[in-house]
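Asks: Next up is a structure, given as structure tokens.
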Amino acid sequence: MANTILVGAQWGDEGKGKIIDVLTEEADIVVRTQGGNNAGHTVHIKGQKYILHLVPSGILRKNKVCVIGNGVVVDPVSLVEEIEGLRKLGVRIDKNLYLSETAHMVLPYHRELDAQRETSKGKNKIGTTKRGIGPAYGDKAARTGLRVIDLVDPARFKSQLETRIKENNEILKAFGAQPLSFKKVHADYRAAGDYLKRFVVNTVVLLHEALRRGDDILFEGAQGTFLDIDHGTYPFVTSSNTTAGGACTGSGIPPHRMDRVVGVMKAYTTRVGEGPLPTENAEIADMLHAMGREFGATTGRPRRCGWFDSVATRHAGMVNGIDELAVTNVDGLDSVETIKVCIGYRDGAQHYDYVPNDIEALSRCQPIYAEFPGWRTPTHNARKWKDLPVRTRTYLKALAELSDAKLAIVSVGPGREQTIAV
Ligand code: GDP
Ligand code: IMO
Ligand code: MG
């Protein structure tokens, strides 16, 4: 299969988990390289639904190795809960999961600070998942973070945690929030450390040994291009590089060993949390929510929905170097009479065919639409390209052309089998 980076080409929740599950069949190793348990990747296998947050989605296939790389921020207590939850569902996790020594940890003060900062921002809030992601990456950049390697050294962890809790309690007090108990946090996280230590290794060495053996590695992106800390709609973004480059820094695998980039996108657009979404449309949101779709896999929040935005996906193609596209949730448009696709933005007299960096300009932008006749036929049983209605094929070919990448996979339902290779 070659070494493949999979990224979200929109605002997250594109269906990356489902496509990772499909592509894992041909991979040996699946690696998460950024983000944390703000991610929620859904995989449906034989009627069973799994939601993965920190554990790579490849864990659901037998004989595959999964790695949580150095670029991920890991809440050890949440990871233990996730592993235990998966085991209860019959998923085998032992020698098939590895956790990087140098991954930074999310600790309770990060979660508290995330919540306090959001509250204090009032109507300017980001709408974070409140998983402590921003404060944890903030500590990493400020060189005050604690890493997994510190957790598995009891004496070092105790002294570092004590210092960090003292300092963060002062900040929490300034917000008027309750200070944290060192004793409780220490006990909870030490227990998690004891549980997790069997998984902890130098993942850079492990991955390079795999490369030397000729293994195929699949890099499981989290979030999406427009949530990237550099390329997204700042400040309404997450705190990591969600674009293809993040796979290299977050794993220690150099760029020239990457063979292909797959961009996942929905046949329409969704976003959860605040920030601009030029094609947002209440009608399509109501339709999808009435179908029981588009509720967040991590927080349960209803996702904002809109028409497909090819200005955004073309930009995603550029910054990620997308070679192949996987288009998901095509069946979500089965009943729509006329489907719109955004092909440009207009802000007064100004016309854009790229996503402007000025967030205020982007918020003012009105989409310019092209229209496609809907196919108004169920597509969920299609298994081959030829099974799809002609209008669906025309629509999908247009999305690929407008996004400037090759269409490779079409998804017509959440199930593994509801996948079409193009
Ligand atoms: P991720 O974060 O990119 O992995 O995406 P999420 O799992 O958060 O959200 C995608 C949602 O779409 C999940 O509920 C998936 O089960 C579902 N899904 C993925 N592909 C398809 C599809 O082609 N059709 C339908 N109906 N659902 C899909
Ligand atoms: P997956 O991997 C969709 C959004 C949040 C918020 C912003 C910042 O499932 O696609 P954070 O908690 O990261 O500080 O929140 O980013 N966000 C996501 N939206 N899918 C995700 O992950 C997301 N992870 C974070 O809603 O707007
Ligand atoms: Mg998700």
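The values are calculated or read from the model by the stated rules, or taken from the named source; none is laboratory data. Since the structure is predicted, the reported quantities are computational estimates derived from the model, not experimental observations. Neighbour counts are summed over all protein chains in view; Cβ atoms, including those assigned to glycine, are modelled from backbone coordinates with ideal geometry. Note: accessible area is taken over every heavy atom of the protein model, side chains too, but ligands, DNA and RNA are not part of it. Shrake-Rupley method; radii C 1.70, N 1.55, O 1.52, S 1.80 Å.
Asks: Are any residues in the range 254-270 farther than 13 Å from Gly321 by Cα, in contact with a Ser or Thr (Cβ under 9 Å, 6 or more places away or on another chain) and not small (Gly, Ala, Ser), and if so, which ones?
Replies: Met265, Lys266, Tyr268, Thr269
Asks: Ok, one more. When residues of the range 34-66 are filtered for being open to solvent by less than 10 Å² (accessible area, probe 1.4 Å), within 14 Å of ligand 3 (Cβ to nearest atom), of a type in the set (A, V, I, L, M) and not in a loop (DSSP other than H, G, I, E, B), how many remain?
Replies: 2
Asks: Here's something else I'd like to know. Within the range 288-303, can you find the residues that are over 25 Å from Leu54 (Cβ atoms) and either without any contact (Cβ under 8 Å) to a residue 40 or more places away in the chain or buried (at least 18 other Cβ atoms within 10 Å of the Cβ) (or both)? Before the answer, list the steps.
Replies: Restricting attention to the range 288-303, the residues satisfying the condition of being over 25 Å from Leu54 (Cβ atoms) are 288-292.
Scanning the range 288-303 gives Leu288, His289, Ala290, Gly292.
Residues checked against (1) in contact (Cβ under 8 Å) with a residue 24 or more places away in the chain; (2) closer than 23 Å to Thr419 by Cβ; (3) not aliphatic (A, V, I, L, M):
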| site | (1), (2), (3) |
| --- | --- |
| Ile343 | yes, no, no |
| His351 | no, no, yes |
| Tyr354 | yes, no, yes |
| Asp358 | no, no, yes |
| Ser363 | yes, no, yes |
| Tyr369 | yes, no, yes |
| Pro378 | yes, yes, yes |
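Asks: If you go through the range 222-230 one residue at a time, do you hit one that is out of contact with any His (no Cβ under 8 Å at 6 or more places or on another chain) and surrounded by fewer than 24 Cβ atoms within 10 Å (Cβ to Cβ)?
Replies: Yes, there is a match, as at least one residue in the range 222-230 is out of contact with any His (no Cβ under 8 Å at 6 or more places or on another chain) and surrounded by fewer than 24 Cβ atoms within 10 Å (Cβ to Cβ).
Asks: Among the residues of the range 142-167, which ones are of a type outside the set (Asp, Glu) and either more than 24 Å from Tyr195 (Cβ to Cβ) or over 31 Å from the mean Cα position of the chain (by Cα) (or both)?
Replies: Scanning the range 142-167 gives Ala142, Arg143, Thr144, Pro154, Ala155, Arg156, Lys158, Ser159, Thr163, Lys166.
Asks: Continuing with the same structure: From Phe219, Phe157, Phe226, grab the single residue that is in contact (Cβ under 8 Å) with a residue 12 or more places away in the chain and not in a helix (DSSP H, G or I).
Replies: Working: Phe157 fails: not in a helix (DSSP H, G or I); Phe226 fails: not in a helix (DSSP H, G or I).
Sole residue among the options that is in contact (Cβ under 8 Å) with a residue 12 or more places away in the chain and not in a helix (DSSP H, G or I): Phe219.
Asks: Also, quick follow-up: Tell me which helices (runs of 4 or more DSSP H) are completely within the range 253-368 and hold 2 or more residues being within 16 Å of ligand 2 (Cβ to nearest atom) and small (Gly, Ala, Ser), or say none if there are none.
Replies: Numbers: elements: 282-290, 310-320, 359-364.
Correct list: 310-320.
Asks: If you don't mind, there's one more thing I want to ask. Restricting attention to the range 262-269, does a residue exist that is under 21 Å from Asp358 (Cβ atoms), crowded, with 18+ Cβ neighbours inside 10 Å and in the same structural domain as Thr328 (by TED's automatic domain parsing)? Explain how you work it out, then say what you get.
Replies: Filtering the range 262-269 for residues under 21 Å from Asp358 (Cβ atoms) gives 269.
Then drop every residue that is not crowded, with 18+ Cβ neighbours inside 10 Å, which leaves 269.
So of that shortlist, the ones also in the same structural domain as Thr328 (by TED's automatic domain parsing) come out as 269.
Yes, there is a match, as at least one residue in the range 262-269 is under 21 Å from Asp358 (Cβ atoms), crowded, with 18+ Cβ neighbours inside 10 Å and in the same structural domain as Thr328 (by TED's automatic domain parsing).
Asks: Residue under question is Lys123, and the condition is that it be modelled with pLDDT under 95, more than 16 Å from ligand 2 (Cβ to nearest atom) and either in the same structural domain as Asp28 (by TED's automatic domain parsing) or open to solvent by 30 Å² or more (accessible area, probe 1.4 Å) (or both); does it hold?
Replies: Values: modelled with pLDDT under 95: yes; more than 16 Å from ligand 2 (Cβ to nearest atom): no; either in the same structural domain as Asp28 (by TED's automatic domain parsing) or open to solvent by 30 Å² or more (accessible area, probe 1.4 Å) (or both): yes.
No; evaluated as a whole, the condition is false for this residue.
Asks: Do we find that Val31 is within 12 Å of ligand 2 (Cβ to nearest atom), modelled with pLDDT of 95 or more and within 14 Å of Ala103 (Cβ to Cβ) in this structure? Explain how you work it out, then say what you get.
Replies: Values: within 12 Å of ligand 2 (Cβ to nearest atom): no; modelled with pLDDT of 95 or more: yes; within 14 Å of Ala103 (Cβ to Cβ): yes.
Spelling it out, it is not the case that Val31 is within 12 Å of ligand 2 (Cβ to nearest atom), modelled with pLDDT of 95 or more and within 14 Å of Ala103 (Cβ to Cβ).
Asks: Further question on the same structure: Do we have Val205 as hydrophobic (A, V, I, L, M, F, W, C), within 13 Å of ligand 2 (Cβ to nearest atom) and open to solvent by 20 Å² or more (accessible area, probe 1.4 Å) here? Steps first, please.
Replies: On the way: hydrophobic (A, V, I, L, M, F, W, C): yes; within 13 Å of ligand 2 (Cβ to nearest atom): no; open to solvent by 20 Å² or more (accessible area, probe 1.4 Å): yes.
No.
Asks: Still on this structure, I have one more. Return the residues of the range 20-33 that are in a loop (DSSP other than H, G, I, E, B) and under 13 Å from the mean Cα position of the chain (by Cα); say none if nothing qualifies.
Replies: First, the residues of the range 20-33 that are in a loop (DSSP other than H, G, I, E, B): 25-28, 33.
The answer is Thr33, and nothing else.
Asks: Which of the residues spanning the range 371-388 are open to solvent by 30 Å² or more (accessible area, probe 1.4 Å) and more than 25 Å from the chain's Cα centre (by Cα)? Give the steps one after another, and end with the answer.
Replies: First, pick out the residues of the range 371-388 that are open to solvent by 30 Å² or more (accessible area, probe 1.4 Å): 371-373, 376-378, 380-381, 383-387.
Scanning the range 371-388 gives Glu371, Phe372, Pro373, Arg376, Thr377, Pro378, Asn381, Arg383, Lys384, Trp385, Lys386, Asp387.
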